[in-house]
Amino acid sequence: MGKIVKKQSHKKLYENIKALLHEARSAIARNINTAMVLTYFEIGRMIVVDEQQGKKRAGYAEETLKNLSLDLTKEFGKGFSERNLRAFRQFYLTYNTRAIWQSSIAKSKTNVLQASNDKMPFRLSWTHYLLLMRIANEEERRFYEIEAAAQNWSIRELERQFNSSLYERLVLSRDKKKVNDLSKKGHILTTPQDAVKEPYVLEFLGLKEESSYSETDLETAIINKIEHFMLELGKGFLFAGRQQRFTFDEEHFFVDLVFYNRLLRCFVLIDLKIGKLKHQDIGQMQMYVNYYDRMMKSPDENSTIGIILCKEARKAVVEFTLPKDNEQIFARKYQLYLPSKEELKKQLEG
């Protein structure tokens with residue numbers, strides 16, 4: 001008995017120390033990354049200031065960067081090519097509105113490494129900012145920066161969300177009053193409408209747009225890529241199950257996919273349709289939603305949301321089937337390829 005207790009005590013100690021070391025290593029990595037990003041910002045500022053002082057000389061900037069690159073590479077090795085120095089300069093020019101932080105550094109005469117303990121203006125890696133600087137629209141760029149930091153997106157996930165035009169799709173799915181909030185606060189869920197997008201992009205499933213597949217094939221593909229699908233759904237989603245059955249009047253009914261959103265505190269039911277949306281599909285979802293509201297949700301939870309994912313949403317069918325004040329059931333198009341940004345921007349302008 002004593003040996004078992006001792007073994008359990010040792011295991012608990014080991015697990016606690018292991019967790020502490022993982023946390024410490026993560027913190028060290030974050031601090032190193034923060035210091036690097038801040039250093040590049042400061043280098044960019046120094047280059048810009050130097051160029052402004054010598055702007056009367058033709059070709060001053062290119063000559064300066066070339067010589068600076070040679071000297072820094074000789075002293076510090078790789079990482080200071082002319083291309084990288086231009087990136088540092090662009091980084092400062094893009095984000096110099098955060099100069100309150102920069103000026104505080106100058107006044108206190110501290111360096112960027114010492115300042116990294118204060119509230120930081122940059123929370124992502126240098127690779128993230130290289131991608132963000134490619135986004136010309138400032139509001140869109142701010143949105144992706146906020147979301148990448150809040151959701152801890154890897155550079156690969158940030159690239160995927162940008163390539164899938166997440167910002168434009170969210171803009172298309174909400175009223176104009178809430179559009180400005182995207183660039184100030186990121187994607188905030190407060191109403192059922194906030195939880196939907198237009199369209200949903202499912203290119204990660206590997207299904208071909210022109211190929212024939214059944215609703216079961218689509219559902220299976222989603223289950224096999226459930227983590228990717230939940231990232232596409234957005235914030236706060238927890239997977240509850242597939243083909244969830246309920247019964248009344250001796251008849252069985254099955255909901256394709258059931259999720260719970262912890263931010264909205266409600267069930268989210270998803271029905272998959274590979275053909276055109278019919279009014280019967282909406283009626284069926286209305287029944288599913290009613291059942292979950294009356295039989296499944298707790299009194300302190302919010303009303304159930306139903307999302308019908310279909311190849312063609314047919315807005316007129318939705319409009320005339322559902323009541324005007326509908327805030328629970330949504331029909332949204334899905335597509336199996338990355339959308340064209342130009343096409344989405346035309347919809348935004350239209």
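Scanning segment 213-244 for residues that are assigned to a loop (DSSP other than H, G, I, E, B) and surrounded by fewer than 16 Cβ atoms within 10 Å (Cβ to Cβ) yields 213, 214.
Can you find even one residue in segment 258-279 that is among the hydroxyl-bearing types (Ser, Thr, Tyr), under 30 Å from residue 144 (Cβ atoms) and touching a strand residue (DSSP E or B) at 6+ places or on another chain (Cβ under 6 Å)? Yes, segment 258-279 contains a residue that is among the hydroxyl-bearing types (Ser, Thr, Tyr), under 30 Å from residue 144 (Cβ atoms) and touching a strand residue (DSSP E or B) at 6+ places or on another chain (Cβ under 6 Å).
Counting only residues that are touching a strand residue (DSSP E or B) at 6+ places or on another chain (Cβ under 7 Å) and under 25 Å from residue 254 (Cβ atoms), segment 200-212 holds 2 of them. Can you tell me which condition residue 304 does not meet? The list is (1) surrounded by 14 or more Cβ atoms within 10 Å (Cβ to Cβ); (2) within 20 Å of residue 207 (Cβ to Cβ); (3) of a type in the set (Ser, Thr, Tyr), and all the others hold. Answer for residue 304: the failing condition is (2). Against the numbered list (1) surrounded by fewer than 20 Cβ atoms within 10 Å (Cβ to Cβ); (2) under 19 Å from residue 199 (Cα atoms), residue 269 comes up short only at (1).
Residues in segment 182-195 that are at pLDDT 85 or above and either under 14 Å from the mean Cα position of the chain (by Cα) or part of a helix (DSSP H, G or I) (or both): 192, 193, 194, 195. Could you tell me whether segment 283-300 includes any residue that is in contact (Cβ under 8 Å) with a residue 12 or more places away in the chain, surrounded by 12 or more Cβ atoms within 10 Å (Cβ to Cβ) and within 25 Å of residue 160 (Cα to Cα)? No: segment 283-300 contains no residue that is in contact (Cβ under 8 Å) with a residue 12 or more places away in the chain, surrounded by 12 or more Cβ atoms within 10 Å (Cβ to Cβ) and within 25 Å of residue 160 (Cα to Cα).
If the condition is being touching a residue at least 40 places away in the same chain (Cβ under 8 Å), assigned to a loop (DSSP other than H, G, I, E, B) and surrounded by fewer than 17 Cβ atoms within 10 Å (Cβ to Cβ), then segment 124-158 contributes 133, 151.
I'd like the residue in segment 52-83 that is part of a loop (DSSP other than H, G, I, E, B) and surrounded by 10 or more Cβ atoms within 10 Å (Cβ to Cβ) and, out of all such residues, is modelled with the highest pLDDT. Ranking the qualifying residues of segment 52-83, first place goes to 81. Inside segment 196-212, residues that are touching a Ser or Thr at 6+ places or on another chain (Cβ under 6 Å) and assigned to a loop (DSSP other than H, G, I, E, B) make up a count of 3. Considering (1) touching a residue at least 40 places away in the same chain (Cβ under 8 Å); (2) touching an Asp or Glu at 6+ places or on another chain (Cβ under 6 Å), the lone condition that residue 214 does not fulfil carries the number (2).
The values are calculated or read from the model by the stated rules, or taken from the named source; none is laboratory data. Since the structure is predicted, the reported quantities are computational estimates derived from the model, not experimental observations. Don't worry about glycine lacking a Cβ; one is built from the backbone with ideal geometry, like all the others, and counts go over all protein chains shown.
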